[in-house]
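Heads up: the structure comes next, in structure tokens.
Derivation of every value follows stated rules applied to the coordinates shown; laboratory data play no part. The structure displayed is predicted, hence computed values, not measured ones. Positions of Cβ are backbone-derived with ideal geometry, glycine not excepted, and every protein chain shown enters the neighbour counts.
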Amino acid sequence: MDNGKVAVITGGAHGIGKAVAESFRADGVTVHIIDKASGDWFVGDIGDKETLERFAKQVIEQSGHVDYIINNALPIMKGIDECSYEDFQYALSVGVTAPFYLTKLLIPVLSDGACIINISSSRDRMSQPKTESYTAAKGGIAALTHALAISLAGKARVNSISPGWIDTTDTEITGADALQQPVGRVGKPEDIAEMVKFLCSDKAGFITGENICIDGGMTRQMIYHGEHGWTYDV
């Protein structure tokens with residue numbers, strides 16, 4: 001990645017978004033972040049249409065073009081027992097509508113060969129109880145990915161990444177939490193940032209419309225009571 005490149009990252013103040021931003025900056029890429037947290041970036045809620053429009057306008061005015069869009073901001077996680085209609089709509093606004101609309105707003109200034117990376121989740125294919133709002137949003141952005149890849153063919157490559165358990169607290173997780181993972185550890189934000197960097201590079205020039213699960217192998221692991229030390233506590 002050369003100087004002169006411009007990246008836009010939603011939810012870039014912490015966790016995966018922050019790691020991606022730092023990785024881009026290390027390569028000399030100009031980074032525009034929007035996040036609800038206070039800081040030296042555009043502070044705002046991407047669930048709000050006018051906020052997205054103001055953010056996109058600022059990006060265009062300041063940089064004039066965009067090479068990479070990383071749709072990373074987290075939707076809320078609430079289950080069917082407590083999730084209201086408004087909560088569910090807001091989760092979809094952050095997780096699906098905002099990535100769609102921000103991309104739409106920035107299409108006129110996308111550089112040739114631009115890359116869009118949507119951060120989904122391994123929950124787009126598996127679930128825990130009471131996670132409907134988050135899971136639906138992550139499933140939606142995974143599907144949005146291949147739709148955009150076809151619509152933007154010849155203009156931009158569009159891919160999604162589905163992280164598993166990524167620890168964003170910078171602590172060492174040991175014991176069963178780590179050992180249950182086929183790779184023997186919990187993921188780090190840098191694990192995802194490395195894939196973002198690869199997918200945005202020319203080395204990934206033949207990859208578009210794809211969803212890549214980075215979860216330490218957890219979604220490939222069959223778990224049945226009484227086998228290999230697994231027990232179900234009734």
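Semi-axes of the equivalent ellipsoid for the chain, computed as √(5λ) from the eigenvalues of its C-alpha gyration tensor and ordered from largest down, come to 31, 20, 17 Å. Taking packing as the residue-averaged number of other Cβ atoms within 10 angstrom, the listed peptides 190-201, 103-114 run from highest to lowest as 190-201, 103-114. Straight-line reach from K197: taking Cα to Cα under 20 Å and skipping same-chain neighbours fewer than 8 places apart, the lysines in range are K5, K18, K155, K188.
Averaging the Cα positions of each part gives two centres, and for region 172-234 and region 89-143 these lie 20 Å apart.
Summing Lys and Arg as +1 and Asp and Glu as -1 over all other residues whose Cβ lies under 12 Å from the Cβ of V20 gives a net charge of -2. When cysteine pairs in the chain are screened for C-beta atoms closer than 4.7 angstrom, the residues that find no partner are C83, C213. Rounded to the nearest 20 debye, the dipole magnitude of the chain is 560 debye, with +1 charges on Lys and Arg beta carbons, -1 on Asp and Glu beta carbons, and the Cα centre as origin.
Membrane-span-like helices in the chain, defined purely by DSSP H runs whose alpha carbon atoms cover 15 Å or more axially and whose average Kyte-Doolittle hydropathy reaches 0.5, are 132-151. Amide H contacts under 5 Å for V8: H32, Y68, I69, I70, restricted to partners 5 or more places along the chain or on a different chain, H placed in the peptide plane at 1.01 Å from N. Each peptide among 153-166, 5-18 gets the average number of other Cβ atoms lying within 10 Å of its residues, and from highest to lowest they stand as 5-18, 153-166. Taking the convex hull of the alpha carbon positions in region 64-188 and averaging its projected area over all directions gives 9.5 nm².
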